[in-house]
Amino acid sequence: MDKQNRPQSELAGFYTEWSSKSAEAIDFDIRSAERKADAIARLIPRQLLDSLHSLLDFGCGYGAVIQRLQQLRGNCIDSALGLDFSETAINVARARCDSEAIRYQKLPALDVRDNAAFLRTQVEGGVDAILLIDLLEHVPDCRALIAELAPLTRLFLIKLPVESSLFDNYLLPKEYPGSKHSNGHLREFDANNVHYFIRSLGLTPVFETLYRYDIEDSFPPMPPGTPLKRRLVRLMIRSVKTVLSWLLPTRIFLRVVGGGGYLCLASYNEHHVLNP
């Protein structure tokens with residue numbers, strides 16, 4: 001296998017494993033995705049959100065984000081399409097969807113260049129915004145992805161995890177990003193470098209902000225049979241993070257403790273100064 005295809009093969013393996021989650025894990029992911037949609041609706045100015053009537057959620061997972069946004073915005077989304085490489089995720093999304101304005105399709109390939117013709121048939125005329133929710137940390141070539149998707153939209157709505165912190169980097173066992181990362185993360189972000197990353201893709205934010213996660217999102221369910229000592233240590237870490245989240249300003253909390261997200265609504269220009 002050549003080096004160019006190896007990352008896509010490893011990602012395909014990750015998504016195959018991701019698709020075989022337990023019902024409890026799927027339920028956690030859905031509730032977490034709904035909280036992300038809540039943050040989008042709460043933090044992005046209403047006049048900007050109200051201008052988005054057609055959406056494409058690229059890498060939609062179980063489809064919960066666009067379903068929740070439709071509920072929160074009083075069904076003012078005229079059309080929304082969710083795309084994902086996981087057939088299991090698409091089946092779950094379709095089974096949960098009760099809105100005629102929302103549909104879901106499986107992506108035929110992981111590489112966006114192999115999906116170009118398919119995408120054009122799905123969104124003729126383009127959409128108001130393409131959602132990339134917790135996706136870019138998994139993508140080998142983010143610039144190529146953005147450049148391929150840009151002709152289909154006027155804006156990108158992006159959410160990234162901000163999880164690199166002094167606490168996690170130096171006080172806890174560290175799992176570095178890479179093709180073998182347990183969550184498939186190829187890169188990680190802190191409260192500062194995430195802003196530079198977005199601009200390096202040729203994106204110019206119309207709006208951007210940082211926010212803290214609900215504490216539940218930083219501590220997914222532990223598998224059955226987890227040793228008591230590990231559970232107690234986790235409870236202690238959770239308690240410390242909870243207290244510090246009450247005391248510290250958001251940016252300082254994210255840089256020191258960690259556990260939050262970056263949100264932006266951005267336009268694209270291939271000649272952007274940080275996208276040579």
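The values are calculated or read from the model by the stated rules, or taken from the named source; none is laboratory data. Keep in mind it's a predicted model, so treat the numbers as computed, not measured. Quick reminder, even Gly has a Cβ in these numbers, built from the backbone with ideal geometry, and neighbours come from all protein chains shown. Please note that ligands, DNA and RNA were not included when accessible areas were found on the heavy atoms of the full protein model with its side chains. Shrake-Rupley method; radii C 1.70, N 1.55, O 1.52, S 1.80 Å.
Counting every pair of alpha carbons in the range 37-135, the share spaced more than 15 Å apart comes to 59 percent. Summed over qualifying helices (DSSP H, 4 residues or more, each -39500 (n - 2.57)) and divided by its residue number, the chain shows a 222 nm mean residue ellipticity of -11500 deg cm²/dmol.
Can you give the Rg to Rh ratio of the range 177-276, both from alpha-carbon atoms, with Rh computed by the Kirkwood formula? Radius of gyration relative to Kirkwood radius: 1.07. Let me know the charge dipole size of the range 59-208 about its Cα centre in debye, to the nearest 20, where only the beta-carbon of Lys, Arg (+1) and Asp, Glu (-1) is charged. Here the range 59-208 has a charge dipole of around 140 debye. By accessible area, using a 1.4 Å probe on protein heavy atoms only, the chain has 53% of its surface on carbon and sulfur. Note on the chain: lysine pairs with Cα distance below 24 Å, sequence gap of 8 or more or different chains, count 16. P(r) tail for the chain: Cα pairs beyond 27 Å make up 39% of the total.
For a paramagnetic label modelled on Ser182 (point 7 Å from Cα along Cα→Cβ), amide N atoms under 11 Å away belong, within the range 223-244, to 223. With both labels modelled 7 Å from their Cα along Cα-to-Cβ, the Leu244 to Lys174 distance reads 1.5 nm. Compactness of the range 49-93 is given as radius of gyration and Dmax, 10.7, 32 Å, from Cα positions. The range 135-188 and the range 25-54 have their alpha-carbon centroids 19 Å apart.
Stokes-Einstein diffusion for the range 77-117 at 20 °C, viscosity 1.002 mPa s, with a Kirkwood radius from C-alpha pairs, works out to 195 µm²/s. A 1.4 Å probe run over the protein chains yields, for the chain, 50 Å² of accessible area per residue, whole-number rounding.
Working note: Karplus 6.51/-1.76/1.60 with θ = phi - 60° gives the range 254-268 the couplings 5, 6, 8, 9, x, x, x, x, 10, 10, 8, 10, 9, 9, 10 Hz, where Gly and Pro are set to x.
Here the Karplus relation 6.51 cos²θ - 1.76 cosθ + 1.60, evaluated at θ = phi - 60°, turns the backbone of the range 167-184 into coupling constants of 4, 6, 6, 10, 9, 10, x, 9, 9, 7, x, x, 5, 9, 4, 4, 9, x Hz, with x for every Gly and Pro. Entry note: the range 114-158 has Rg to Rh equal to 0.95, where both radii use alpha-carbon atoms and Rh is the Kirkwood radius. Cα convex hull, the range 107-232: 151 Å³ per residue, rounded to a whole number.
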